[in-house]
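The values are calculated or read from the model by the stated rules, or taken from the named source; none is laboratory data. Quick caveat: nothing in here was measured; it's all calculated off a predicted structure. FYI the Cβ positions are ideal-geometry reconstructions off the backbone, even for glycines, and counts take in every protein chain you see.
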Amino acid sequence: MGLSSSFLHLSLALLVGLYAGINLSSFHRLPIVVNPSSTTPSSIRKNPEVENDNQFADIKKLKSENEQWKAKVNQLEKDYSSSLNKMHDLEESCSKSPVDTADQNQELQREVSLSTKYSNAHPICQSSLSNPTPSAMALWNQHLVKIFEATRVPTDRKWQFHDFTAQLLQIITPRLPRSVKNTPHDWRPVEQALTVVWERYQYLQLSAAERRKVSNPPRPLKILIMGGSLLVGTNCRMLMKELNFQFRLPKRECTWSNRLGEFLNALVGKSNEAEPLVQVTKVAMGGTNTATGSIIWQYDLIPPESRNPDIVLNAYSTNDMHILTILEAQSSNTTLRERTFDMMQAFVRQILQTRHCPDHSQYGGADENEPIPPLLLHMDDYLGNEQRKIWETTELSQGVQVLANYYGFVSMSYADVVRDLVYGDTYETWFSSEWWKKTKNVETFEREIHPGMGMHIVSTWVTAYNLLELVSSFCSLPNPYHPKNIGEYEAGLWGLPELRRTEKEPKGKPQPQPKCLQPVLTKDLLLEDVTALWKKDAEKLGPPISCSSSGTHSDDSSSKTLRIKCPFSWVSGLSLQQNNVTFVQEYFQQQSSVWKGWQLSDDKDKIGFIPIPDMSHAGNVTTLVLDFVYPQPIRSITFFFMKSYGPKWKDSQLQVNVWHTGAAGRTLLQVRQLIGVHNKTTSEMYTEEIRLKETQHVATGEKLQLEATLVGGSTFKIMGLAVCS
């Protein structure tokens, strides 16, 4: 070390000397100015201007060299200082005893041991992810090529959308973190979903012969996506027409909801159509919004195989900002902001009040006897121009963020991933709708709320990325992630110490929150009242339902054993099956005792029951009578029907009689008049719930009879019916 120090000193001295020599030589080489006429004959004198130019060039060159050497000297001084510091550190390191080094190693090993000991114990976290858990973006980048390949739809066998997909993925990948808006307050639904995935994945690793021997195979993860016309696939196939691609891709298969299931299953590799890892079901119908979604969920108007989902995804945002919702708000004398907020809050409460007992063991310390709600996600995909002012287009997303923070559900945004790209170029159509239209060389900005295929591809990635974010965050939680009681300190939990208890504990320690949903969030809810109201709601509900006492899943917070909320349910357009004329005709006819003057109409994809033309004239009665007998009580009936406009719908009115046949004979329970016309220039679906009084409930095994008769106008359209407990 002494030699190195001496060498550095010597080098520095030499350079300093050289620097000084350069300065001196520069001084000696300066030209001495004399009168050329006194020493040189005029015939041989040099041109004085040329001589001066040469002298100035020499001076400039010497100054440049001088600056270069000064810079080298300064750098060497810095290097010298840095080397001295490093030598000092090395000398201190060498002087440390082996005991100090051993203590450091032991401390490092202890930290690694604690990190492993208290890492999330879920098998997916332990077997599939490293510790510490990688971020969602790190995992996404690690599997980027596989993600690209899994995006291809199976019918695109020649990978004709290869280049388009690759360009989209390059643009969108670094933007995906923008889509993450809120994580859940309650991580138990995430754990339940991961457990379902893990057990199903383990099953799929078996050979086909081994799987056939499993009598009760683990079920797939069930994801239910609910939405409107965008989820139906409106405009999704326009790009195929533009590029003249001829392979088969129906619009329902073009949508991101269909792509999501294929994408997730393709990533796994072992799953197939017959035995998928993930089962994604879409419930979508044009012209519907979140208010319709609440009714669909409330009355179990979901395909039987999709009931009791692990994950529920609200994708109504574009339809929530639709002209139909605007008209609904106007007819209710309220604003669009208030209407969308109220719709969304009602939907959130419907989903979160639905509790199911976990059908798998818990790994994170959660109470296995406590029912849990499904995992609720909201997708903001609205980039339409139903409103022309940008601030107004964000009214729904602003309300959703408030509700997501209040209730603790997951929210994500496709719109925020690409919003700046769209605003920077409103002519682009990869991510937004085609707004600018040319007619006779005149360009106009027209209403359009349905984007093309690019949006559907990117929405698949946005949803998958947010699911990945949930997995990464969950696996980063310590074990157990769910402390038993927030008001009680657990010594040793996550390696935390025993309390010394030598000082007085501060007042105001937080207590466990009431075991129910927060009070409804309104403009009038006061901070000083919220605690009392929340506790009062919990007292009304009574003690939480215990899964150990019921032994079954519960679809209703007030029931411990009932699984099917609505034994008879149909709504037009919710699925391919429920839009199948033959299926619907048979479904109703097997319940009917009188079928006079009604037919099933498939008009403009709005399937429903209408009176046969001309039957309502000349005194003909058009009546439909349906009989229901079920091994469970019936408490409500809900009709879904169309309201329209114009001469055809003038005076349209349906009378519904609800009868009960029991031991005491036949009794008329209720009568309702449904009006089929309104003063809007749109055709919309409405609902009418007939809730039976407690004394009118139809008991198990007794007959409920519905009699529907056209009493006004010449037409009416029944688009759905739910008979529920």
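Structure notes:
- Among the residues making up region 312-358, those that are assigned to a loop (DSSP other than H, G, I, E, B), among the hydroxyl-bearing types (Ser, Thr, Tyr) and under 14 Å from LEU396 (Cα atoms) are TYR316, THR335.
- Residue match in region 94-113 (condition: surrounded by 11 or more Cβ atoms within 10 Å (Cβ to Cβ), modelled with pLDDT of 70 or more and of a type in the set (Gly, Ala, Ser)): no
- Verdict on PRO154 being within 20 Å of HIS456 (Cβ to Cβ), of a type outside the set (S, T, N, Q) and more than 23 Å from the chain's Cα centre (by Cα): yes
- Residue satisfying condition, being in contact (Cβ under 8 Å) with a residue 24 or more places away in the chain and either assigned by TED's automatic domain parsing to the domain that holds MET240 or hydroxyl-bearing (Ser, Thr, Tyr) (or both), within set ILE457, ILE486: ILE457
- Qualifying residue in region 277-295 (condition: at pLDDT below 90, of a type outside the set (D, E, K, R) and over 19 Å from SER229 (Cβ atoms)): no
- Lone qualifier among ARG666, ARG635 - being surrounded by fewer than 18 Cβ atoms within 10 Å (Cβ to Cβ), at pLDDT below 90 and over 23 Å from ILE610 (Cβ atoms): ARG666
- Taken over region 408-432, the residue count meeting the criterion of being out of contact with any Phe, Trp or Tyr (no Cβ under 9 Å at 6 or more places or on another chain), crowded, with 21+ Cβ neighbours inside 10 Å and either among the aromatic types (Phe, Trp, Tyr) or more than 19 Å from GLU469 (Cβ to Cβ) (or both) is 2.
- Residue in region 643-657 that is surrounded by 15 or more Cβ atoms within 10 Å (Cβ to Cβ), farther than 27 Å from MET285 by Cβ, in contact with a Leu (Cβ under 9 Å, 6 or more places away or on another chain) and at pLDDT below 90 present: no
- Taken over region 712-722, the criterion of being in a loop (DSSP other than H, G, I, E, B) and of a type in the set (Val, Ile, Thr) is satisfied by THR715 alone.
- Complete set of residues in region 266-290 that are surrounded by 22 or more Cβ atoms within 10 Å (Cβ to Cβ) and outside any loop (DSSP other than H, G, I, E, B): VAL278, VAL280, LYS282, VAL283, ALA284, THR290
- Taken over region 649-665, the criterion of being under 29 Å from GLU702 (Cα atoms) and touching a strand residue (DSSP E or B) at 6+ places or on another chain (Cβ under 6 Å) is satisfied by LEU654, GLN655, VAL656, ASN657, VAL658, TRP659, HIS660, THR661.
- Where a residue in region 294-321 is under 13 Å from THR354 (Cβ atoms) and its partner, wherever it lies, is polar (S, T, N, Q) and outside any loop (DSSP other than H, G, I, E, B), with Cβ under 7 Å and at least six apart: SER294/GLN350; TRP297/GLN350; GLN298/GLN350; TYR299/SER569; TYR299/THR638; ASP300/SER569; ASP310/GLN192
- Criterion: in the same structural domain as ILE612 (by TED's automatic domain parsing), in contact with a His (Cβ under 6 Å, 6 or more places away or on another chain) and not in a helix (DSSP H, G or I) - qualifying residue of THR687, THR709, THR667: THR667
- Only one entry of LEU204, LEU224 meets the criterion of being at pLDDT 95 or above and touching a Ser or Thr at 6+ places or on another chain (Cβ under 6 Å), and that entry is LEU224.
- Selection of helices (runs of 4 or more DSSP H) fully inside region 516-606 by the criterion of at least 2 residues being modelled with pLDDT of 85 or more and either over 29 Å from THR340 (Cβ atoms) or outside the structural domain of ASN258 (by TED's automatic domain parsing) (or both) returns 527-541, 581-589.
- Residues that are touching a residue at least 40 places away in the same chain (Cβ under 8 Å), assigned to a helix (DSSP H, G or I) and surrounded by fewer than 17 Cβ atoms within 10 Å (Cβ to Cβ), drawn from region 227-254: LEU243, ARG252
- Selection of region 370-404 for residues being among the β-branched types (Val, Ile, Thr), at pLDDT below 95 and more than 21 Å from LEU224 (Cα to Cα) yields ILE390, THR393, THR394.
- Against the numbered list (1) in a loop (DSSP other than H, G, I, E, B); (2) over 19 Å from the mean Cα position of the chain (by Cα); (3) on the phi < 0 side of the Ramachandran plot, GLU305 comes up short only at (1).
- Against the list (1) surrounded by fewer than 22 Cβ atoms within 10 Å (Cβ to Cβ); (2) outside any helix (DSSP H, G or I); (3) within 26 Å of the chain's Cα centre (by Cα), the condition GLU490 fails is (3).
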